[in-house]
Amino acid sequence: MLNLAVIGTGRYGTNIIYAFKQLEYDGIANIVSICDTDEKTLQHQCKRFNLKGYVDYKEMLEKEHIDAVAIATPDHLHRQICIDAANLGKHILVEKPMDITVEGCLEIINAAKRNHVLLQVDFHKRYDPHHQEICKNIREGKFGIIEYGYVHMEDRIEVPAKWFSTWAASSSPVWFLGVHFIDLVRWFIQSNGKLVYATGNKIKLKDMGIDTYDSISAKVLFENDVSFTFDTSWILPDKFESIVNQSIRIVGTEGIV
């Protein structure tokens with residue numbers, strides 16, 4: 001039976017704890033400890049889930065018998081935690097994005113390979129039954145040859161301005177939101193990007209003291225000559241009907257989804 005731990009117990013970390021508790025209930029794994037640098041949050045979560053807690057993730061990874069760890073910290077903190085976990089021989093599930101730089105992603109991948117541990121980024125849109133059906137139909141050629149597509153993913157401004165105001169400037173709408181669909185499209189069409197043209201705006205959030213992009217639009221040409229447009233933003237008004245607004249459209253020679 002696997003022994004699991006969670007680093008970062010905020011919004012996403014809490015969901016992971018619930019998932020791990022379900023694994024515990026099913027007799028698949030045990031969640032042995034959690035970690036958060038905010039002592040008040042940590043104490044609350046330890047009491048809530050009846051778990052042992054640590055403020056220092058290194059101390060937890062070194063002291064506890066842990067097989068695998070889930071990392072749900074702010075985006076810019078993923079790199080060092082992943083590398084340290086890999087060096088200690090722990091399998092890793094890290095929230096997207098893996099890191100906020102290509103160099104950081106490569107360092108994490110190399111650390112996992114060097115230490116022979118499993119590394120997975122939680123691109124959970126792959127688990128959606130609708131997306132799995134789309135992928136199956138594309139692979140089976142039901143839409144013919146895929147020619148182009150369009151994606152948009154937008155959050156209300158409360159996400160960078162309230163939820164993650166302390167670290168939103170270290171991320172962007174592409175890293176925080178766009179990676180979901182960039183990964184999904186790569187999975188659907190089994191190809192990587194070869195050319196990218198992107199533009200972005202820094203207006204509203206910068207005026208609020210958060211120096212990051214309001215929106216980014218990217219045109220990507222993939223190696224198999226499929227083109228996709230990715231529009232991402234996290235400045236929708238607070239009164240918008242939902243926290244997130246998203247869609248994907250894919251056009252092939254024999255159909256559209």
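Values in this text are rule-based calculations from the coordinates and carry no lab data. In this text the structure is predicted, and so the values were computed from the model without any measurement. As a convention, Cβ positions derive from the backbone with ideal geometry for all residues, glycine included, and neighbour counts pool all protein chains shown.
Counted over the chain, the DSSP beta bridges are approximately 45% antiparallel. When the C-alpha to C-alpha distance is required to be over 27 Å, the pairs from 40/113; 21/63; 40/63; 142/219 that qualify are 40/113. Spin-label pair residue 240-residue 88: with each label point 7 Å from Cα along the Cα-Cβ axis, the two points sit 3.8 nm from one another.
Compared with the dominant Cα axis of the chain, that is its longest principal axis, helix 11-25 is turned about 70°. Charge tally for residue 169 (other residues, Cβ to Cβ under 15 Å; Lys, Arg +1; Asp, Glu -1): 0. Neighbours of residue 109 by Cβ distance under 14 Å: Lys/Arg scored +1, Asp/Glu scored -1, total 0. Gyration tensor analysis over the Cα atoms of the chain returns equivalent ellipsoid semi-axes of 33, 23, 18 Å (largest first, whole Å). Amide H to amide H, with H built 1.01 Å from N, residue 122 comes under 5 Å of 94, 95, 96, counting only residues 5 or more places away or on other chains. Full extension of the segment from residue 195 to residue 50, taken as 0.36 nm per residue of separation minus the current Cα-Cα distance, would add 47.2 nm.
For the stretch 79-193, the spread of Cα coordinates along the three principal axes comes to 46, 39, 25 Å, biggest extent given first. Normalised by residue count, the stretch 126-256 yields a Cα convex hull volume of 107 Å³ per residue.
Under a 5 Å amide H cut-off, with hydrogens placed 1.01 Å from N, residue 147 pairs with 251, 252, 253 among residues at least 5 apart or on other chains.
Between 0 and 90 degrees, the angle of helix 129-139 with respect to the longest Cα principal axis of the chain falls at about 50 degrees. For the chain, the longest principal axis of the Cα atoms and the long axis of helix 102-114 meet at an angle of about 50 degrees.
Highest-first packing order for the peptide set 37-50, 159-172 is 159-172, 37-50, based on the mean count of other beta carbon atoms within 10 Å. Helix-only arithmetic for the chain: the sum of -39500 (n - 2.57) across DSSP H runs with n ≥ 4, divided by the residue total, places the mean residue ellipticity at 222 nm at -9500 deg cm²/dmol.
For a paramagnetic label modelled on residue 37 (point 7 Å from Cα along Cα→Cβ), amide N atoms under 20 Å away belong, within the stretch 106-124, to 108. Across the stretch 147-162, rounded Karplus estimates of 3J(HN,Hα) from the backbone phi angles (6.51 cos²θ - 1.76 cosθ + 1.60, θ = phi - 60°) give 9, 7, x, 9, 10, 9, 9, 9, 10, 5, 5, 4, 5, x, 8, 10 Hz, Gly and Pro being marked x. In plain terms, the bigger the Kirkwood radius, the slower the diffusion; for the stretch 5-136, with that radius from Cα pairs, at 20 °C and 1.002 mPa s, Stokes-Einstein puts D at 141 µm²/s.
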